[in-house]
Amino acid sequence: MTQTADNAPVVELDHVNYEYTTKNSVVQAIKDIDLTINQGDFFCLVGPSGCGKSTLLKTIAGYIEPTSGESRMENEIIKGPHWKRGVVFQSATLYPWLTVRKNIEYGPRMRKQSKEEIKESSDYYLEQIELSDFANHYPFELSGGMKQRVSLARVLANKPKLVLMDEPFSALDAITRLKMQDFLRVLWKKNNQTILLITHDIEEALLLGTKVAVMSKNPGTIQSVFSVPYSEKVLNDKEYRIEEDSEFMKQKYAILKAIS
Ligand code: ADP
Ligand code: MG
């Protein structure tokens, strides 16, 4: 696999617009989006409900094509879905008839990797999501947080260049959600992964992202992109408490104000 140099652009959006055309109306969901996501970025996108976050993610995933403008990944125009762009949704997307291990191995198997390679990578990701003991369990035997971890491992096992996450934790209870955030932060760092995560939760964006982009409503445009240090602070300093960080609070309210 080719290595992308640190900070090299992975995704670039150039004046991207998207309009949904229905029987009675045309809805412009996103307007004139310019955006660059670099190698190693944990790029969080926040904005109110209905502002076009999912639409933006879908254009990057290649599920829909921009009405105008261009989205590129590593200098190639994005046309259709590709395993290099792994997508994690709000609810876990697992095959109920396959075990946890077989779910994780599904992508690599489809791509006809060797048996040894497949086993090695599923062992690795099972360990990373701390579910090695559940390898032979079925999805219905797992909690919501566990299922979401398997969904993530399933995507990571394809070794995607970019992981796209659309409100991945919003269906989880508060405690599981905090654990998943910690877990994802560590995984991002360990694998030097590039991530785009969409959330309506400003605190989640600030706590995870290296960059936080703020979207405004109707039609969705990117208002501003902040570089934020909190994810690194949490990783590097066990004593760090956001509640005691006045900068964090200030930034949170600045974003809240920008959105509303
Ligand atoms: P978000 O993810 O930020 O909540 P969406 O991207 O889902 O926002 O939606 C943006 C806008 O596009 C909304 O006004 C929504 O009603 C509209 N929209 C989304 N999907 C469709 C669709 N399939 N057909 C028509 N309009 C849609
Ligand atoms: Mg959405």
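Quick rundown of the values:
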quantity	calculated
Dimensionless Rg ratio for segment 128-247, taking C-alpha atoms and the 2.2 N^0.38 Å reference	1.14
Percent of C-alpha pairs per 10 Å bin, segment 60-186, short to long	13, 41, 32, 13, 1
Alpha-carbon spread of the chain, three principal axes, descending order, Å	48, 47, 39
Charged-residue dipole, Cβ positions (Lys, Arg, Asp, Glu), the chain about Cα centre, Debye nearest 20	680
Charge tally in the Cβ shell below 15 Å around Tyr230, where Lys, Arg are +1 and Asp, Glu are -1, Tyr230 excluded	-4
Descending principal axes extents, segment 1-94, alpha-carbon based, whole Å	47, 33, 24
Cβ-based exposure ranking for Ile104, Ile78, in which fewest neighbours within 10 Å come first	Ile78, Ile104
Largest-first principal axis extents of the Cα set of segment 176-240 (Å)	39, 23, 22
Kyte-Doolittle mean at least -0.5 and Cα axial length at least 15 Å: DSSP H helices in the chain	144-156, 174-191, 246-259
Gap separating the Cα centres of segment 82-123 and segment 203-246, nearest whole Å	30
Charge dipole (segment 1-147, unit charges on Cβ, about Cα centre) - positive-most of Tyr124, Thr22, Gly40	Thr22
Segment 103-160: translational diffusion in µm²/s, Stokes-Einstein, Kirkwood Rh over Cα pairs, 25 °C, 0.890 mPa s	216
FRET efficiency, Ala8 to Leu98 (Cβ-Cβ, R0 22 Å, nearest 0.05)	0.05
Unsatisfied cross-links (Cα-Cα over 18 Å) in the set Lys179/Lys211; Lys53/Lys189; Lys159/Lys189; Lys31/Lys161; Lys23/Lys79; Lys211/Lys252	Lys179/Lys211; Lys53/Lys189; Lys31/Lys161; Lys23/Lys79
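Quick note: the coordinates plus some simple rules give every number you see, no bench work behind them. If you're wondering where the values come from, they're calculated on a predicted model, not measured in any experiment. Note: ideal-geometry Cβ built from the backbone for every residue, glycine included; neighbour counts use all protein chains shown.
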